[in-house]
Structure formats: C-alpha cells, structure tokens
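For reference, the structure is listed below as structure tokens.
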Amino acid sequence: MKTILVSGVAGFIGFHLVKKLVNNGYDVLGIDNINDYYDVKLKYGRLKELGIEKDKIEYNKMVKSSIFDNFKFIKLNLEDKDNIFKLLRYNRVENICHLAAQAGVRYSLENPYAYIDSNIYGFMNILEACRQFNIKNLSFASSSSVYGLNKKQPFSEHDCVDHPISLYAATKKSNELMAHTYAHLFGIKATGLRFFTVYGPWGRPDMALFKFVRNILEDKPIDVYNYGNMQRDFTYIDDIVDGVFHTIEHPAKPNELFDFLNPDSASAPSSYKIYNIGNNSPVKLMDFIEAIEENLNKKAKINMMPMQMGDVESTYADVSDLISDFRYKPSTPIKVGVKKFIAWFRDFYNI
C-alpha cells in the first residue's frame, strides 16, 4: 500500500483529499493543529466524518480512524520540528502532500507573524523532513494570490510573479522558491499547486460563498467589495482534489528542454513543477451572488464597498499544463457547485 503524510487534514481541502486517498488505496497519516483561525466546530466536524472523535484527540498522540482502516490522525503544529521528525522516523512515509498553512489574505494584514510561523518556518520543517527521511514526492499548496499585480490574463504559471500584494501571497511565493531550492540541491521531487478560489461543501467560513449564504439566510447584508466589479475563477472542491491527486500519482520531472537564457518559472532542470488548478472560467461576482439567490430563493441585501487592501480585481487560471500533462481540466459549473454547497450548509446547520 502506498503511504502518504497529509498536513492540514482538518482543513477544507485536506479533509476532502483524505477521503479521495483512502478510497484509492493509500495509507494516510494526517496532521493538523486545529487552530482557531475559524470555528473549530467545523474542523472537528470534518475529522468526525473521517472517523476521528474529538474526545480522543490529544497533542502528539496518534488516533486511528473508526471508519477507515488506512487513516490515522495526529494533532501537531508545523513549527514542532522535533515531533514532526519523530513521526516520520517511526512511520514509513513515501509521499507528503503539504496543505496546512495560515490562510486568508485579509487576516495577513492583522496578524502577519502567524504567516511567518506557519507558512515559512513550518514549510521549512516539511522540506527538511523530505530531505532527512528520503521522501519520494512532495506536493504542496500555493495560491493564485501569488499573481498579485499581474494584469495579463489568464494567469499562466510561466509568467513572472514577483509582485505579490499581501503577506499571505508573499509567503506562498516563498514556498515555491524554497521548494525549488530543495529540488535543486537534494533531488526532492516537488510540485507546487496554485489553487483558484476553492468552494464547496465543508468550505471555510471566511470565504465569500460561506459568508454570503449565512448572511442571506439570516437576513443580514453582505459586503461586496470593489462595488461588485470583481470576478473570480471559482473552482469546485472535487475538481481541486482531483488535480492534487494527479500530482501525487505523477511526481514532478526535470524539464529536459529548460533554457537557462530564458528560464521558465513553472519548471526547472531539477524535478520541480508548478501547476494552476482553476476552473478556467471566471465568474463575475454579481453573477455569483445571483446564483446563490436563485438557490436560496431569497434576495441578498448588499453593502457596496471599496476594494480591500491585498485583494485583486480578477483571477483567471490558464490550465493548459494541467491538461497537457494529465489530460485533466476542472469542469464543475458554478450553479452546480453552489447548489451542492447550499445543500450541505442547510444539512450541517440544520436549516
């Protein structure tokens, strides 16, 4: 059986990825620190769906799933190098999928040090673990936020991304550079994944869909930034997970045609690769809100707001590399994804 360590398994993407992996024959070791960036009840709810009960969770204690024979969970901080190394020393692991991070563009304006601790120091521990324990393949979460001030669309992995406009984005760009360095120096096979506005059941409460649905149902106004003149390449969670799974199954390879006089940002002469995972079909924010209203059969009360610091007006993923390398392209229509989220939301909150 193939073995993998997945970080951030109580998180939105990590939770869904674990279900995909265990159902495809992987032996999964999951870690998460279950921090309180957002409501921990949601995180414990995800873990319960994976067969991990809240009352059995203690720091640095392995818990076996009551549902999946091939899933175990350990509560750990990314910054806890000693216990991460101990975990890998005594558990045979071939692959790592690193999804844990301090998320959120706007929160990085309020608490920047949390991003350095988790996204820089924590990622350093993951890279050193790959080096020390001969991990065959590392897949890690980056973000569409790295495109920052780029205006050329769709966003291509091959374009320069040297102008991030939030500390969160800067830490994700740093992760890509750090992974490239370790791929070059130590032969680690590393694949960075730039996710585009992920949404769906079990999603994060700080994301637009969750906030909009909750407020509309509670008859509260929703804040719409840049006066509604925004668009996002909303990508359904199942499409994201399928893309991640492809990179786990197919580790990065060296670019044998790499041109040192005209270097490619998305690949390297070492085993390093960057992929966008997006729907390749941006949706206007007001159309997104309309899809929510149709599913709820209720109109939103809207507060039009100026653009927030750190935000970008538009995101649009070029996924040609994903298609050419894996014959895969995210495809879930926004109305289908929104309907599935709302059905989950009503069920989870008993509405």
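The values are calculated or read from the model by the stated rules, or taken from the named source; none is laboratory data. Computed from a predicted structure; not experimentally measured. Cβ: placed from backbone, ideal geometry, glycine included. Neighbour counts: every protein chain shown. Surface accessibility is based on the protein's heavy atoms, side chains included, excluding ligands, DNA and RNA. Shrake-Rupley method; radii C 1.70, N 1.55, O 1.52, S 1.80 Å.
Screening residue 102 on (1) buried (at least 17 other Cβ atoms within 10 Å of the Cβ); (2) in contact with a Gly (Cβ under 6 Å, 6 or more places away or on another chain) shows it passes everything except condition (2).
Please tell me if residue 277 is over 26 Å from residue 167 (Cα atoms), within 23 Å of the chain's Cα centre (by Cα), at pLDDT 95 or above and not small (Gly, Ala, Ser). In short, no.
Being under 23 Å from residue 140 (Cβ atoms) and either exposed (fewer than 15 other Cβ atoms within 10 Å of the Cβ) or touching an Asp or Glu at 6+ places or on another chain (Cβ under 9 Å) (or both) is a property that holds for residue 279. Applying the criterion of at least 2 residues that are within 24 Å of residue 12 (Cβ to Cβ) and among the charged types (D, E, K, R) to the strands (runs of 3 or more DSSP E) found wholly in region 63-167 leaves 71-75. If you scan region 14-61, which residues turn out to be acidic (Asp, Glu) and out of contact with any strand residue (DSSP E or B) (no Cβ under 9 Å at 6 or more places or on another chain)? Passing the criteria: 36, 39, 49, 55.
Taking residues in region 146-164 that are more than 15 Å from residue 231 (Cα to Cα), and partners anywhere that are of a type in the set (A, V, I, L, M) and part of a helix (DSSP H, G or I), the pairs with Cβ atoms closer than 7 Å and at least 6 places apart or on different chains are 146/169; 161/146; 164/146; 164/170. Among residues that are surrounded by 19 or more Cβ atoms within 10 Å (Cβ to Cβ), more than 15 Å from residue 312 (Cβ to Cβ) and among the aromatic types (Phe, Trp, Tyr), residue 155 is not included.
Look at residue 185 and say whether it is in a helix (DSSP H, G or I), open to solvent by 30 Å² or more (accessible area, probe 1.4 Å), of a type outside the set (S, T, N, Q) and over 24 Å from residue 243 (Cα atoms). Considered against the rule, which asks whether it is in a helix (DSSP H, G or I), open to solvent by 30 Å² or more (accessible area, probe 1.4 Å), of a type outside the set (S, T, N, Q) and over 24 Å from residue 243 (Cα atoms), residue 185 comes out as yes.
Filtered by the rule that a residue be aromatic (Phe, Trp, Tyr) and either open to solvent by less than 10 Å² (accessible area, probe 1.4 Å) or within 14 Å of residue 9 (Cβ to Cβ) (or both), region 27-48 gives a lone residue, 44. Test residue 243 against the stated conditions and say whether it is buried (at least 22 other Cβ atoms within 10 Å of the Cβ), in a strand (DSSP E or B) and under 14 Å from the mean Cα position of the chain (by Cα). Considered against the rule, which asks whether it is buried (at least 22 other Cβ atoms within 10 Å of the Cβ), in a strand (DSSP E or B) and under 14 Å from the mean Cα position of the chain (by Cα), residue 243 comes out as no.
Would you mind stating whether residue 264 is in a loop (DSSP other than H, G, I, E, B), under 22 Å from the mean Cα position of the chain (by Cα) and either at pLDDT below 95 or among the aliphatic types (A, V, I, L, M) (or both)? So residue 264 fails the test.
Yes or no, residue by residue, for (1) open to solvent by 70 Å² or more (accessible area, probe 1.4 Å); (2) farther than 18 Å from residue 6 by Cβ:
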| position | (1), (2) |
| --- | --- |
| 25 | no, no |
| 50 | no, no |
| 62 | yes, no |
| 67 | yes, no |
| 74 | no, no |
| 80 | no, no |
| 95 | no, no |
| 112 | no, yes |
| 118 | no, no |
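Return yes when residue 297 is of a type in the set (S, T, N, Q) and surrounded by fewer than 14 Cβ atoms within 10 Å (Cβ to Cβ) and no when it is not. Yes: the conditions hold for residue 297.
Annotation note: of 106, 92, the sole residue that is touching a residue at least 60 places away in the same chain (Cβ under 8 Å) and farther than 21 Å from residue 188 by Cα is 106.
Listed conditions (1) at negative phi; (2) modelled with pLDDT of 95 or more are all met by residue 51, apart from (1).
So the check is Cβ under 9 Å with 6+ separation or different chains; which pairs have a first residue in region 253-269 that's basic (Lys, Arg) and a second one that's modelled with pLDDT of 95 or more? Here the result reads 253/189; 253/267; 253/271; 253/273, each pair linking region 253-269 to a residue that is modelled with pLDDT of 95 or more.
Within the bounds of region 207-228, is there any residue that is part of a loop (DSSP other than H, G, I, E, B) and either more than 30 Å from residue 345 (Cβ to Cβ) or open to solvent by less than 10 Å² (accessible area, probe 1.4 Å) (or both)? No, the conditions are met nowhere in region 207-228.
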